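Report on the following structure.
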Amino acid sequence: MADANAISSPPKELLGFASYLQSPSKSGLRAREGVLNGRRVQYFKGKSALNALTKEEGGKKPRCASREEATEWLQELLDFQLIVRCDRDAQAASMLRINPMQNVDEDTYYAWLYEGSQIMVILGGIGVVAVVLAGVMFPLWPSVLRNGTWYLSMVALGLLGLLFAIAIVRLIVYIITVVACPQGLWIFPNLFEDVGFFESFVPLHAWEAPKNANKPAVQSSAAGSAGAETEASTDVGTEQKKDE
C-alpha cells in the first residue's frame, strides 16, 4: 500500500498508465457511465481491464506481459486513489457505491477518480474568456474587422434563411403531390439525412416509396407457398391411392 504522501502525488509512469487505460482508441477498454456519491463517473469491469492490458493488437506487444503484472498495476491505481472499487445497485445498474474492500478482482467494477490532464480544460476556459472579452470590446475593433464581421454575419443569416425557405417549399410541394398523386414528391430528399454537405442536395428530387410496396409480394409469395403445399398434399394422396 502507498503512503499518504504518495497518494497525493502519483508517479508520472502511473499517470501515463492511467491515461492509456482511459483512452479507448489505445487500450480498447470501453467504460460505462454511472453515478457515484451523486457524481457522474466512468466505470469498468476488472476483467475487461485485465484483458485490455494483456491482449496483443496490430502486432504490438501487450502493455503487460501477464495478468499478474496487470493486476499489480491496477492495484497501484487503487492505492493512489486513481480508481476506486465499487458495487452496482441491484435495482439500478448505473448507481454505484464504494466497496470497503479495495483490491483487484476480475468480477468487480472500478470507477475512475482520475480526471486526466487538465490542460485542455484550462485552454478551453482561456478560450471562452478570450471570446467574451473580444465580444465586449467589439466597439474598439478596427473598422475593417467590424465591417468584415458584419458581412460574415449577413452571409450566415442569408444561408440560414435560404435553408428555412427550401424546407418550407419542399414541404408545400410534398403536400400538393400527396393530395394530387398517390405518392409524395420530395425536393432534396436527403436534405435532413445524416450525410455529407454535398450529398444533402443529391438527388434533386425523388418520389416517396409507398409504405405497402412489399406487401403484395409477401402475399403473393405466401399464396404461392400455400398453393405448393396444397399440390404437395394432393400428390401424396394420389400416390397413397395408387399404392392401395
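The values are calculated or read from the model by the stated rules, or taken from the named source; none is laboratory data. The structure displayed is predicted, hence computed values, not measured ones. Cβ placement follows ideal geometry from the backbone for every residue including glycine, while neighbour counts extend to all protein chains displayed. Side chains included, ligands, DNA and RNA excluded: accessible areas come from the protein's heavy atoms. Shrake-Rupley method; radii C 1.70, N 1.55, O 1.52, S 1.80 Å.
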Taking into account only those residues within segment 179-198 that are among the β-branched types (Val, Ile, Thr) and without any contact (Cβ under 8 Å) to a residue 12 or more places away in the chain, which is least open to solvent (accessible area, probe 1.4 Å)?
195
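I'd like to know if segment 108-119 contains one or more residues that are among the acidic types (Asp, Glu), in a loop (DSSP other than H, G, I, E, B), open to solvent by 90 Å² or more (accessible area, probe 1.4 Å) and modelled with pLDDT of 90 or more.
No, segment 108-119 contains no residue that is among the acidic types (Asp, Glu), in a loop (DSSP other than H, G, I, E, B), open to solvent by 90 Å² or more (accessible area, probe 1.4 Å) and modelled with pLDDT of 90 or more.
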Can you tell me which residue is most open to solvent (accessible area, probe 1.4 Å) among those in segment 74-92 that are touching a helix residue (DSSP H, G or I) at 6+ places or on another chain (Cβ under 7 Å) and assigned to a loop (DSSP other than H, G, I, E, B)?
81
Segment 68-99, residues that are within 16 Å of residue 16 (Cα to Cα) and of a type in the set (Val, Ile, Thr)
83
Mind checking whether some residue in segment 98-106 is in a helix (DSSP H, G or I) and either of a type outside the set (Asp, Glu) or closer than 21 Å to residue 36 by Cα (or both)?
no
Give the residues of segment 144-157 that are open to solvent by less than 100 Å² (accessible area, probe 1.4 Å) and modelled with pLDDT of 90 or more, sorted by residue number.
147, 148, 153, 154, 155, 156
For residue 26: the one exception among (1) modelled with pLDDT under 90; (2) basic (Lys, Arg); (3) surrounded by 17 or more Cβ atoms within 10 Å (Cβ to Cβ)
(3)
Considering only segment 6-16, I want to know if a residue exists there that is assigned to a strand (DSSP E or B), open to solvent by 60 Å² or more (accessible area, probe 1.4 Å) and under 22 Å from residue 116 (Cα atoms).
no
